[in-house]
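Colleague: Here it is, the structure in full.
The values are calculated or read from the model by the stated rules, or taken from the named source; none is laboratory data. Please read these numbers as outputs of a predicted model, since none were measured by experiment. Every residue, glycine as well, gets a Cβ built from its backbone with ideal geometry; the counts of neighbours run over all protein chains shown. Areas reflect the complete protein model, heavy atoms only, side chains present, ligands, DNA and RNA absent. Shrake-Rupley method; radii C 1.70, N 1.55, O 1.52, S 1.80 Å.
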Amino acid sequence: MQPNDLYDEKTNANVDKIKLKEPTQTQGSASKEFVTRLAAYRQHLSSVNLQSGPALEGVVEGLLDSKDPQKDEEKIAAHRLRLKRELGPLVEEILTLEKRWLSNVCKAHESAEKHLADNQKVFTHLETLSKTFPPAQHTIDRLKEQRTLIKETWKPSRAKWTNLDRLETKIKKGVALQDQAVKLKAEIKKLCGNDYFEGLRRYLRGAGFIVAPSYIPPAAVFPRGDWISLESNEFKTPEELACAADALMMKYQVLGTSYSGMRYKSDVASDISGCVCISWVIAKCATNNKRVLVPVMGMSGGSPNGKEERFVDAMLGACALPPYRAYKYTSTIPTAEEKPEVQRFGENPFDQTRNPSSKDVEFNQYYDDIMVRANNLAINYRVRELLSLRLPSRQAMLSYLGLSFATMTNRDVEQTGSLAEPTPGVTRWHSFNCAEPAALAWISSFFVDGQDVHLCCPYEGADDPGALGLKPKETCPWCATVELTYRSLKKVSDSEQKRWPSTFDESMRTGKWAREFTGAREFKKQKTDLEQRVDLPRNKRTFASAYPSSVNDNVALLREIFKEVGLLKKSTIREEQLALWQQKR
């Protein structure tokens, strides 16, 4: 059985010692694509050495403002020295975090390759179980009904005893088949272990997926055969990609039966399964330079040890975001005496002296905290540019500005590592548990560079997913805040709302759901942004709006802040871009 992947948060990895074998087993060409990228990036990282003076000097020069009005050479030299002293440790930390990320992800992939045979057994055993156990149980139930009917309604006769003997023989065969299934279940449990999400990882690896390690939320890149070629330059519409996502959900029965995907353990799946998100990413293969659309699956509810600092460190490292140790945030508003000087971006920031509305007050409440984060993002991004490291996607940067993660507010909290939420109440859960950031972290790892999701298709797993396991999940408010384009249920007019229960029941039976696509690549104005989400229904039989007015207001409020820091421009989107480290080769 493959052991859990452990995140070594103390390693200062010597990248030259990282071992990466050419994939020799049947994990397939997706594994080869992954290893090819990792090996090339390892070679690049081994050439980056800040211990040599010129490397750090070059980063410092790159961070200096070339339009600095200071003409005094002594002051300029003092400023350069201060910048080097203050930013030197941060630059070192960014590079260390990057090497740590590479070392840990390579170890995890090597472990997956080593235990591939066991993981394939999990997949084949569950596949066998799904084909034999339910039919056997159905047959036994039907035969027992026939036996009861004959016993109670037939008069004593040779025909009665003959038929009962025949039924008993068939029932015994069915019971024997059931006994085999029970043994198979025991073998599966032995291979899966007692941890639900670790078992899920092993199942997916056995099916050929490239799966995220244990120390970040569960996500998986689909096998190479499921990628869509774009060589013909015939681009796929959102509807075509949504249909392709449905087909993949059914192909792997992700939410379809009690023996596969997120429902692979029938005894616990109903309590643990969450939503699934299939994210489509446009990429150019490192192995053959072909353009493809790659489906990546994220799963909710699987954040490991979410209150531990090392988990946050692992997530930020996976997404190429600023290192956690460099910054200790607070979501509380400091007093006037404690308030730090914070650079304000934008031409017309909200000002509480302008007789503000309640929304302006809420905006200001979180403004300074987010601006500190925006400055951290800008420095992190520039350092990574200068060193040609992986860059974060726009979605990752927006998540960094607003997602909940471990924030230290005082000494007691620092000792416990509890969580705080620094942004408006768009969501009230620990957002690392959502399927979207799970996929995002693994996308940045698999492609060895941040890539924004072209289209996100979420599915409901916590409730009844329908006969085919295709019930759409209303895109959660947080995902609706940061995603470029997402699929959701179609808006329902006032006249159609009365028919909604019958429409819902029919879709649950057939798996055919009326859907639409919301694009949020740009932010034009709050009213337009709000209107995009109005009347989207929840995926419940009783009609209700997916987003209450208060949530819509908060989504628009956050996006106003994101616009203020300049992250909602098209130029910030990373989609089908060659990584900086690839450009240097």
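Colleague: When all alpha-carbon pairs of the stretch 67-149 are counted, what percent fall beyond 21 Å?
Modeller: Cα-Cα pairs in the stretch 67-149 separated by more than 21 Å: 70 percent.
Colleague: Tell me, what is the FRET efficiency for Thr148 and Ala247 to the nearest 0.05, using R0 = 45 angstrom and their Cβ-Cβ distance as r? Before the final figure, lay out each step's value.
Modeller: Values: r = 42 Å, r/R0 = 0.93.
With R0 = 45 Å, the Cβ-Cβ based efficiency is 0.60.
Colleague: Say a paramagnetic label sat at a point 7 Å from the Cα of Glu187, along Cα to Cβ; which residues of the stretch 118-137 have their backbone N under 16 Å from it?
Modeller: 118-133
Colleague: Between Lys290 and Val48, what FRET efficiency comes out of the Förster formula 1/(1 + (r/R0)^6) with R0 = 45 Å and r the beta carbon distance, rounded to 0.05?
Modeller: Working: r = 29 Å, r/R0 = 0.65.
Computed FRET efficiency for Val48 and Lys290: 0.95.
Colleague: Would you mind getting the accessible area per residue of the stretch 485-585, heavy atoms of the protein chains only, 1.4 Å probe, in Å²?
Modeller: 53 Å²
Colleague: I would also like to ask the following. Can you work out D for the stretch 155-207 in µm² s⁻¹ from Stokes-Einstein, where Rh is the Kirkwood radius over C-alpha pairs, the temperature is 37 °C and the viscosity is 0.692 mPa s?
Modeller: It diffuses with D of about 234 µm²/s by this estimate.
Colleague: Counting only protein heavy atoms, what percent of the accessible surface of the stretch 155-207 is carbon or sulfur at a 1.4 Å probe? Write down the numbers at each step before the final one.
Modeller: Details: 1740 of 3130 Å².
Carbon and sulfur: 56 percent of the exposed surface of the stretch 155-207.
Colleague: Report the relative contact order of the stretch 117-265, percent, no decimals, based on alpha-carbon pairs under 8 angstrom and at least 6 residues apart.
Modeller: Here the relative contact order equals 28 percent.
Colleague: Please enumerate, by chain and number, the lysines with C-alpha under 22 Å from the C-alpha of Lys284, excluding those fewer than 8 residues away in the same chain.
Modeller: Partners within reach: Lys32, Lys236, Lys570, Lys584.
Colleague: While we're looking at this one, here's another question. Using a 1.4 Å probe and ignoring any ligands, DNA or RNA, find the accessible area of Glu531 and quote it in Å² to the nearest 10.
Modeller: Counting only protein heavy atoms, Glu531 exposes about 100 Å² to solvent.
Colleague: Can you tell me the dipole magnitude for the stretch 449-585 around its Cα centre, using point charges on the Cβ only (Lys, Arg +1; Asp, Glu -1), in Debye to the nearest 20?
Modeller: Dipole size: approximately 240 debye.
Colleague: Now, a different point. Report, ordered by chain and residue number, the lysines lying within cross-link reach of Lys527, taken as a straight Cα distance under 19 Å and ignoring same-chain residues fewer than 8 apart.
Modeller: Correct list for Lys527: Lys359, Lys491, Lys563, Lys569.
Colleague: Just read off the accessible area of Ile228 with the full protein assembly in place, 1.4 Å probe, to the nearest 10 Å².
Modeller: 30 Å²
Colleague: Next question, about the same structure. If packing is taken as the mean number of other Cβ atoms within 10 Å per residue, what is the order of 454-463, 178-187, highest first?
Modeller: Going by the mean number of other Cβ atoms within 10 Å, highest first, we get 454-463, 178-187.
Colleague: Which length gain, in nm to one decimal place, applies between Glu86 and Thr132 when the Cα-Cα distance is subtracted from 0.36 nm times their residue separation?
Modeller: 10.1 nm is the gain from fully extending Glu86 to Thr132.
Colleague: Fully extended, how many nm does the chain gain between Lys155 and Glu168 (0.36 nm per residue separation, minus their Cα-Cα distance)?
Modeller: Taking Lys155 through Glu168 to full extension adds about 2.9 nm, to one decimal.
Colleague: Per residue of the stretch 180-195, in order, report the coupling 6.51 cos²θ - 1.76 cosθ + 1.60 (Karplus, θ = phi - 60°) as ³J(HN,Hα) in whole Hz, putting x for Gly and Pro.
Modeller: Those phi angles translate into 4, 5, 5, 5, 5, 4, 5, 5, 5, 4, 5, 6, 7, x, 9, 8 Hz.
Colleague: In addition: Rounded, prolate or oblate: pick one for the stretch 154-250, where a ≥ b ≥ c are the square roots of the eigenvalues of its C-alpha gyration tensor, a/c under 1.5 means rounded, and failing that, prolate if a/b is larger than b/c, else oblate.
Modeller: Taking the square roots of the gyration eigenvalues as a ≥ b ≥ c, the stretch 154-250 is oblate.
Colleague: What dipole magnitude, in Debye to the nearest 20, does the stretch 67-149 give about its Cα centre under +1 on Lys/Arg Cβ and -1 on Asp/Glu Cβ? The partial results should precede the final answer.
Modeller: Working: 16 positive and 14 negative charges, 38 e Å.
Dipole size: approximately 180 debye.
Colleague: If I stretch the segment between Lys19 and Gln178 completely, what's the gain in nm (0.36 nm per residue apart, minus their alpha carbon distance), one decimal?
Modeller: Result: 52.8 nm gained on full extension.
Colleague: When the accessible area of the stretch 67-149 is computed with all protein chains present and a 1.4 Å probe, what percentage of it is carbon and sulfur? Display every interim value, and only then the final one.
Modeller: Details: 2460 of 4520 Å².
That share works out to 55 percent.
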